[in-house]
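Where a number appears in this text, it was derived from the coordinates with a stated rule and is not lab data. These figures come from a predicted structure and were not determined experimentally. Counting neighbours? That spans all protein chains shown, and the Cβs are built from the backbone with ideal geometry, glycine included.
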Amino acid sequence: MSFFKKLKAKFTGKETEKVSKKYKKGMEKTRQTFSGRINDLIARYRKVDEDFFEELEEVLITADVGVMTVMDFVDELKMEVKRRNIKETEEVKAVISEKLVDIYYGDEEDHIEQLHLSTEGLSVILVVGVNGVGKTTSIGKLAHRLKQEGKHVVLAAGDTFRAGAIEQLEEWGKRADVEVIKQREGSDPAAVIYDGIQAAKSRHADVLICDTAGRLQNKVNLMNELAKVKRVIEREVPGAPHEVLLVLDATTGQNALSQAKTFSEATDVTGIILTKLDGTAKGGIVLAIRNELNIPVKYVGLGEQMEDLQVFDPHAFVFGLFADMVEEDEDKDNE
């Protein structure tokens, strides 16, 4: 069975079909750029040679897969092409998609990264990221998602520095129908998080999601503030935070990668929420984050609606990237 057939077979059930449609629609911009350029490349090169691989590198770098990741990927692809004795470029398509899945999973088992929540008592999720990446929106959507799963969720408005941040979180709290613990603008964020923990405990909540400042006077101040918040959480809830989720904007490409490096150095980031994947042609950044930083992407934003924050599924991601090629493969079989 070809790789494209195996990929398609993963999305035959009702629920998985729904997921694949979300990814197909949400990744349209990336797919048009990426698949279009690969198809163009294959049309121009009948034979697999060094020039073909050089141009393929350019295509991948344009999709923001990341230079280091691209070099590793192309080296592995060359070895695989040689091993399978592939001469025609048309046959390389499936190998490219196969290897992209391998990049994401590496040596790990083929599974979707789940949130690590406490089995007993309160789970605390710390959400970090610079201003403007969709942090507050992601918190609201995540709260809605967890509530739909039957969890009692409370939010803590720890971004006390940005004008309007508290009101914005309150608005999302109303939409998700969850309580927001807050103080006035300019308050000590650690004090707000402390209040949030006490409130969540007294209300027997399952999950507390903590918003944090995205920018202070400089990077050192920001990281010190985050470290202080983290200490309060660790003191009040043993074993917490259970997740430190970094929100990144997919449309910023390599800039998102540098933000991930900065925050992971300061706060032990456990997972990524990648927003605006539907608005970019640079969806390859998912692979760069995973390969170069070894941080799993846990959620992706595939639209504006409350339900458009999706659990990240690497197979669905690759399906979204190659959906047109998968369908081409099907059409050939039906001829």
Cross-link partners of Lys228 among lysines (Cα-Cα below 17 Å; sequence separation of 8 or more within a chain): Lys219
DSSP-defined antiparallel bridges as percent of all bridges, segment 99-236, nearest 5: 0 percent
Difference of contour (0.36 nm per residue) and Cα-Cα distance, Asp51 to Glu17: 8.5 nm
The chain: calculated mean residue ellipticity at 222 nm from DSSP helix runs of at least 4, using -39500 (n - 2.57): -17500 deg cm²/dmol
Relative packing of 74-81, 88-95, which averages over residues the other C-beta atoms within 10 Å, highest first: 88-95, 74-81
Highest to lowest packing among 176-187, 137-148, scored as the average C-beta count within 10 Å: 137-148, 176-187
Residues of type lysines that Lys5 reaches as a straight line, Cα spacing below 17 Å, ignoring anything fewer than 8 places off in the same chain: Lys21, Lys24, Lys93, Lys99, Lys332
Nearest 10 degrees, 0 to 90: helix 165-176 Cα axis against the chain principal axis: 70 degrees
Distance between modelled label sites at Thr119 and Ile61, nm, 7 Å Cα→Cβ extension: 4.9 nm
At R0 = 25 Å, FRET efficiency that the Cβ-Cβ distance of Glu327 and Glu88 yields, to 0.05: 0.75
Angle in degrees between helix 28-44 and the longest Cα principal axis of the chain, rounded to the nearest 10: 20 degrees
Simple label model, 7 Å out from Cα along Cβ direction - Glu234 to Gln32, nm: 4.7 nm
Among beta bridges that DSSP assigns inside segment 123-312, antiparallel share in %, nearest 5: 10 percent
Only Lys, Arg (+1) and Asp, Glu (-1) charged, at Cβ; the chain dipole about Cα centre in debye: 820 debye
Antiparallel %, DSSP beta bridges [both residues in the chain], to 5: 15 percent
Length-normalised contact order of the chain in % [C-alpha pairs under 8 Å, at least 6 apart]: 26 percent
Cβ-derived FRET efficiency at R0 30 Å, Ser187 paired with Asp268, nearest 0.05: 0.75
